[in-house]
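Got a structure for you, written out below as structure tokens; questions coming shortly.
The values are calculated or read from the model by the stated rules, or taken from the named source; none is laboratory data. Source: prediction; values computed, not measured. Heads up, the Cβs are rebuilt from the backbone with ideal geometry, glycines too, and the neighbour counts pull from every protein chain shown. For accessibility, only protein heavy atoms count, side chains too; no ligands or nucleic acids. Shrake-Rupley method; radii C 1.70, N 1.55, O 1.52, S 1.80 Å.
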Amino acid sequence: MNAPKGKYAWTATVGEKGQIVIPKQAREVFGIKPGDTLILLGDDERGIAIPPKAAFAEWYSKAFSEKSEG
């Protein structure tokens, strides 16, 4: 079964300390380097998501923007 272009699926094992190892291919595809900070989003019904770093930077800048919205 081939995944559509740009779509991926990997597995990760949770260790005794609750840590997971992000598969090498996933790190390469998304440019994840040692020391990077990732954000994990959780939903009781939909599960856990780890959005790309660019999305995190965008949310961060919006949340802490000094500009007034109204």
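Which residues, counting only those in region 18-52, are touching a strand residue (DSSP E or B) at 6+ places or on another chain (Cβ under 7 Å), open to solvent by 80 Å² or more (accessible area, probe 1.4 Å) and either in a loop (DSSP other than H, G, I, E, B) or not aliphatic (A, V, I, L, M) (or both)? So that I can check it myself, show each step before the final result.
Residues of region 18-52 that are touching a strand residue (DSSP E or B) at 6+ places or on another chain (Cβ under 7 Å), as a first pass: 20, 40-42, 48-49, 51.
Those still in the list that are open to solvent by 80 Å² or more (accessible area, probe 1.4 Å) too: 20, 40, 48.
Matches in region 18-52: L40 only.
Follow-up. If you scan region 53-70, which residues turn out to be open to solvent by less than 90 Å² (accessible area, probe 1.4 Å) and either in contact (Cβ under 8 Å) with a residue 40 or more places away in the chain or not charged (D, E, K, R) (or both)?
A54, A55, F56, A57, S61, A63, S65
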